[in-house]
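Colleague: Sending over a structure as structure tokens; questions will come in a sec.
Nothing in this text is a laboratory measurement; each read-out follows from the coordinates by a stated rule. Predicted, not measured: the structure shown is a model, and the values here were computed from it. Quick reminder, even Gly has a Cβ in these numbers, built from the backbone with ideal geometry, and neighbours come from all protein chains shown.
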Amino acid sequence: MYEKFYGLRERPFTIMPNPHYLYMSQKHKLALAHLRYGLSEGTGVVVLTGGIGTGKTTLLRHVLGKIKNVADVALVFNTNVSGDELLRLIIQEFEAGSPGQDKTANLALLNDFLIDRFTHGRRSIVIVDEAQNLSRDALEEVRLLSNLQGTSRPLLQIVLAGQPELRRKLADPTLTQLTQRITSTYHLSALAQEEVKAYICFRLAQAGGNPLLFSDEAMEGIHIASKGVPRLINILCDAALLHGYADGQPSIDQKIVDSVIEEMALVLQSTGSLIPEPSAGLDIPYNTEDRLLSIERRLKVLEEHLAAWSTEAQLVFLELEVMRNQMQEKGEEHIPSANKVEIIVKKGERTQEEILTAQNNKRQLQWINEFKKKIKNALGGYSTKKIS
């Protein structure tokens, strides 16, 4: 939405992990060195911890991009599972076969796959994200899997990534046998003030924009509010760019950031970040009605852009519905939705990107309409007549 206005190829501050936007702070360089060392050894368990949003997943995806040609990787994100369920998930992620309910058979299935990979000169790596949620039973399964051996080295290497609770969980004396297999561990902490400034400038440049789009004061405010957590930095910067775009501001100053921080109070509070009181640093009284109207005005800008895109979304969905009806007539109504999309793509009527964009735009417009209703309700009798 604001990309063209600020000369950006794309949004630079999305919260989805993207190795292209990995800013290598000194902390991230050290974390990467520990990961590389642990993986190069080919033995034991590697542990990476860090607070929510510190960049663990982005760093892992960066490493995956470097080793994908020499290793098979199973990524496990669902960690609220038992030991047996974890084993089945790993088999599924490796695409090693169809796991059943018999654990002995599942272990044999995984072992055969790992031996095959080993004989073909490939390594097998399991990466468990959000590992702090693993039960003791699942962690015991990790230990057992780390025992699978080839002729010269383990058949399977395991990376556990998670929040600080993972370190506390691994400190349990009953897990000593597992912790003794850890060959490398690193805790990824938040960014310092100068690193936050460099981080913001880096991501703007990566998106093809002016790295000095944010003033020093604005970046300092973002550092204080985010406590140096990259995910929160992204949320605040993205909101600031939207705010500036809606107000027609060519750059992002402290005033814009202060407004965003006030409006994002719920998000910042939920993550334990430091936020100022609503009127902190302001020379005039905090006016709730004015702030709500300001939000309403920016929502109108979003609404105008998304309304046209929603029409496009409706056309795409109509095409999908026509396809579904045709498939029902042919007895193909059980074809998965993803395949229906693929059929439309192959016919040349729409690209996959167009369909996904349309779906996303429709969801965004629905969200904006719901949020707009909440704003009007919050304004109550004060100024509902001012809002069309």
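Colleague: If each residue of separation counts as 0.36 nm, what is the full-extension length gain between N18 and K103 once their alpha-carbon separation is subtracted? Mind dumping the intermediate values first?
Modeller: Values: separation 85, 0.36 × 85 = 30.60 nm, distance 3.61 nm.
27.0 nm is the gain from fully extending N18 to K103.
Colleague: Give, in nm to one decimal, the length gained when the segment between A265 and R9 is fully stretched (0.36 nm per residue of separation minus the Cα-Cα distance). Please list the in-between numbers first.
Modeller: Values: separation 256, 0.36 × 256 = 92.16 nm, distance 2.91 nm.
Result for the pair: 89.2 nm of gain on full extension.
Colleague: Which order do peptides 220-233, 115-128 fall in by mean Cβ count within 10 Å, highest first?
Modeller: Values: 220-233: 22.9, 115-128: 17.2.
Top to bottom by mean Cβ count within 10 Å: 220-233, 115-128.
Colleague: Step through the table entries K4/K197; K103/K169; K27/K227, compare each Cα-Cα distance with 19 Å, and write down the pairs that go over it.
Modeller: Details: K4/K197 23 Å; K103/K169 25 Å; K27/K227 15 Å.
Check vs 19 Å cut-off fails for K4/K197; K103/K169.
Colleague: Within a 10 angstrom radius of the beta carbon, how do C237, C201 rank from fewest other beta carbons to most? Provide the component values of the computation, followed by the final result.
Modeller: Numbers: C237 26, C201 18.
Going from least to most buried by this count: C201, C237.
Colleague: Quick one: what are the phi-derived ³J(HN,Hα) couplings along the stretch 8-16, Karplus 6.51/-1.76/1.60 with θ = phi - 60°, whole Hz, x for glycine and proline?
Modeller: With the stated coefficients, the stretch 8-16 comes to 9, 6, 7, 6, x, 10, 6, 8, 6 Hz.
Colleague: What is the gain in length, in nm to one decimal, between I182 and Q26 on full extension, counting 0.36 nm per residue of separation less the C-alpha to C-alpha distance?
Modeller: Values: separation 156, 0.36 × 156 = 56.16 nm, distance 2.31 nm.
Here the segment from I182 to Q26 would lengthen by 53.9 nm.
Colleague: Which distance in nm do the two modelled labels at R36 and N78 give, with both placed 7 Å along the Cα-to-Cβ direction?
Modeller: The two pseudo-label positions are separated by 3.5 nm.
Colleague: Given bins 10 angstrom wide, list per bin the percent of all Cα-Cα distances in the stretch 26-188, short to long.
Modeller: 11, 43, 37, 9, 0
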